[in-house]
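Taken together, the values in this text are just the output of simple stated rules run on the coordinates, not laboratory data. These numbers come from a predicted model, not from an experiment. Cβ placement follows ideal geometry from the backbone for every residue including glycine, while neighbour counts extend to all protein chains displayed.
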């Protein structure tokens, strides 16, 4: 992991990034039926990769994780933040977070908001995000914690 690098994703990686998102979500032990309902929500379209801030972290041979920021003026929505389960808990998420904040700063983003899987909420709180509410979902009548991060200099 020492040799991992960040780079912009390319549109052709859409299926692979979608697969990482699905595997990452499944890591939390959700049922097969629940995961089936989530598949469409976890799809990473190639047009998002082409127009938004989508970055991957790789070790030279394979993509280990990715994130995507959708910017609107000086704010952004964190649409994706996923690691291949093989790398969860190894410190790579922290590196991805700091890279994402650096990208946000370079694009003059002042505030980032997103909805999180409840299992990932402690990570975001640890990274300094603030929970600002809950959002109802169309999957299994559950809600997701909504977070905000103020990007500072």
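Filtered by the rule that a residue be in contact with a strand residue (DSSP E or B) (Cβ under 7 Å, 6 or more places away or on another chain) and closer than 23 Å to residue 22 by Cβ, segment 96-112 gives 96, 99, 100.
Checked against (1) in a helix (DSSP H, G or I); (2) surrounded by 14 or more Cβ atoms within 10 Å (Cβ to Cβ), residue 98 passes all but condition (2).
Scanning segment 107-119 for residues being farther than 26 Å from residue 62 by Cβ and in a helix (DSSP H, G or I) gives a total of 1. Among the residues of segment 83-92, not a single one is assigned to a strand (DSSP E or B) and exposed (fewer than 13 other Cβ atoms within 10 Å of the Cβ).
Taken as a whole, segment 38-54 holds at least one residue that is in a strand (DSSP E or B) and buried (at least 16 other Cβ atoms within 10 Å of the Cβ). Among the numbered conditions (1) touching a strand residue (DSSP E or B) at 6+ places or on another chain (Cβ under 9 Å); (2) assigned to a helix (DSSP H, G or I); (3) free of Cβ contacts under 8 Å to residues at least 24 places away in the same chain, the only one that residue 70 does not meet is (2).
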